[in-house]
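Structure first, commentary second.
The values are calculated or read from the model by the stated rules, or taken from the named source; none is laboratory data. In this text the structure is predicted, and so the values were computed from the model without any measurement. Reconstructed Cβ throughout: ideal geometry from the backbone, glycine too, with neighbour counts over all protein chains shown. Just so you know, the surface numbers come from the protein's heavy atoms only, side chains and all, with ligands and any DNA or RNA stripped out. Shrake-Rupley method; radii C 1.70, N 1.55, O 1.52, S 1.80 Å.
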Amino acid sequence: GHFAAPPVAPRDELIVMAWNIERGFGLDGQIDLLRNDPAVPTPDVLLVSEADRGCRRTGFRDVTRDLAEALGYYYVYVVEFVELPGNRGETGPYDPPLCEHGNAIVARYPLGNVRQIRHAENWIWYTPPGFPNPDEPRLGGRIAVAADLLVGARRVRLYSLHLESTLSPVALAIRDAQALEIGQDAAGLP
């Protein structure tokens, strides 16, 4: 979707921010910072990870959409996980309705050729109902979102990703495979 005003003149240098938004807790203050703090340059592109959509924990907001609307930008969002009911202490509870968690690209310029890359190698996040003390009960797996940014007549390929973050030896091998997969995807691009 988009909330973009008339087209913005192309620039030779882009300000790109990779941002783990941590579900969108504190979103209003972060938007205020991006819009009003002279010490923070206004990004042309935000590569967002861990964005909520429809979750009780973040007030049922569509975090990516709200961010794009506040900045007057284009956006794409892909679902990485569907959060399952459970209680995880201070960062929970998670309960219906549907709670989605994913990655996004928010940009000043138009986005196209959008696709998700669901990684071939993934950590198993599913926790069966009734399992004692689930860490993060969810369905899904790590993904990246790829899109082309149209800056004037030039296209710039963007990837927003959130590689596996578990720190076991097995998970680190999965993380390496995910990074390699993105590198291979980008290898043939001009």
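Number of residues in the stretch 1-29 that are open to solvent by less than 60 Å² (accessible area, probe 1.4 Å), in contact (Cβ under 8 Å) with a residue 12 or more places away in the chain and outside any loop (DSSP other than H, G, I, E, B) equals 5. Of all residues in the stretch 45-66, none satisfies being in a strand (DSSP E or B), closer than 22 Å to Tyr159 by Cβ, in contact (Cβ under 8 Å) with a residue 60 or more places away in the chain and basic (Lys, Arg). Identification of strands (runs of 3 or more DSSP E) wholly contained in the stretch 121-190 with 3 or more residues that are of a type outside the set (A, V, I, L, M, F, W, C) and at pLDDT 90 or above yields 154-161.
Test of understanding: among Arg35, Arg23, which residue is under 18 Å from the mean Cα position of the chain (by Cα), basic (Lys, Arg) and either under 30 Å from Ala153 (Cβ atoms) or modelled with pLDDT under 95 (or both)? Spell out the reasoning first.
On the way: Arg35 fails: under 18 Å from the mean Cα position of the chain (by Cα).
After applying the criteria, what remains is Arg23.
When the stretch 71-86 is filtered for residues that are at pLDDT 90 or above and open to solvent by 30 Å² or more (accessible area, probe 1.4 Å), the ones remaining, listed by number, are Leu71, Tyr74, Tyr75, Tyr77, Val79.
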